[in-house]
Amino acid sequence: MKTKNYIQMIKYYLLTVLFLGSIACKDKSAAESENTNEVASEKISAQQLGGLALYTVRDAMGEDAKATLKTVAETGYQNIEAAGYSDGAYYGMSPRDFKAYLSELNLIPISTHQSSITMENAEKEMADAKEAGFEYFVVPVPPMGLFKYDNATSSMSMTGGAKNLAEILDSLGEKAQAAGLQLLYHNHDFEFKVDADGIVPIDYLLENCNPELVNFQMDLFWVTKAGADPVAYFEKYPGRFKIWHVKDMDEEGKFAPVGKGTIDFGRILAEKEMSGMQYYMVEQDKTFTMEPIEAIKVSREGIQKIGFK
């Protein structure tokens, strides 16, 4: 009888040890998993910074948008600006699916360039932008057929005049506000040049568009190309430039990766608060002998050295 009780006690003891051991293992595994997730989160946070205008990698986005976005995330960018809206989709994905895929990659949709905007389709396009998670709706050129490009001279211009464009932007700004978005106008170089009416279009827009409805995305390359000074515009029109396009210019006046050209970004960045800048997007319209994916890697190194966060 004593032997039987002794055996039962031994069995009970062993089962108790095994049970407690399994709990300890589970707790350890959970703790290790939690620590691993924290490390991964910190690693992503440390790696991802700044923004990228997807126009830079537009050809790759057209071939395989998902793979390209994965590369963008792995390269270390955090925010993105789209330039691929068509027929109610972003790069072939519904607004909801596009937003979900960006979330998987820890990419954040900030702004979208949509040159197809008209008074008739504005509500639809802006509703799609909102559903995709964007904060800013950017008019990249004078819309509705006003923008002109001369292939022979590679020059840009617009028709209709600055007053007409200002009225259009204010109207679109009202629609954007109603949709829960902020409207921005993106410049090139021609807006900084005196037009046929003796007006500098960008000055007219800044002075006449309602700042509650319309603000600006300053492209630092094109301002420099026009012979204007970004800082002077920040001083004259503080708080109006919510997003910057950051791209460099080489000795020949061509596009270059950030940090590989002649633009003094440090001087410009020092006036970030005065400008009103909330985000910046690295962009390079043409990369010439360098592949776009390689160019965005070089530019990311450049923005870090300059001090962009």
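The values are calculated or read from the model by the stated rules, or taken from the named source; none is laboratory data. If you're wondering where the values come from, they're calculated on a predicted model, not measured in any experiment. Glycine gets a Cβ as well: all are built from the backbone with ideal geometry, and neighbour counts include every protein chain shown. With ligands, DNA and RNA removed, areas are computed over all heavy atoms of the protein, side chains included. Shrake-Rupley method; radii C 1.70, N 1.55, O 1.52, S 1.80 Å.
Things to note:
- Summed residue charge, Cβ within 10 Å of Met158's Cβ, Lys/Arg positive, Asp/Glu negative: -1
- D (Stokes-Einstein, µm²/s), Kirkwood Cα radius, segment 185-282, 1.306 mPa s at 10 °C: 116 µm²/s
- Around the Cα centre of the chain, unit charges on the Cβ atoms of Lys, Arg, Asp and Glu (plus for the first two, minus for the last two) sum to a dipole of about 1820 debye.
- In plain terms, the chain from Ala100 to Asn164 could stretch by 19.2 nm, reckoned as 0.36 nm per residue minus the Cα-Cα distance.
- Carbon and sulfur %, accessible surface of the chain computed with the full protein complex present, 1.4 Å: 51 percent
- Treating each Cα of segment 53-146 as one equal point scatterer and applying the Debye formula with no solvent, the log10 of I(q)/I(0) at q = 0.15, 0.25 Å⁻¹ comes out as -0.53, -1.40.
- Point-to-point label distance, Ser86-Ile306, nm (Cα→Cβ direction, 7 Å offset): 3.0 nm
- Total formal charge among the other residues, if their Cβ is under 14 angstrom from that of Glu104, Lys/Arg +1 and Asp/Glu -1: +2
- For segment 224-301, the Cβ-based charge dipole about the Cα centre amounts to some 280 debye (Lys, Arg positive; Asp, Glu negative; other atoms uncharged).
- Stretch gain in nm, segment Thr289-Met119, where the contour uses 0.36 nm per residue and the Cα spacing is subtracted: 57.2 nm
- Based on Cα contacts under 8 Å between residues 6+ apart, the chain shows a relative contact order of 14 percent.
- Solvent exposure of segment 197-294, expressed per residue, is 44 Å² of accessible area, with all protein chains present and a 1.4 angstrom probe.
- Förster radius 30 Å - calculated FRET efficiency between Asp64 and Ala127 (Cβ-Cβ, nearest 0.05): 0.65
- By average C-beta atoms within 10 angstrom, highest first, the peptides 178-191, 220-233, 146-159: 178-191, 220-233, 146-159
- Largest first, the extents of the alpha carbon coordinates of the chain on the three principal axes equal 113, 43, 38 Å.
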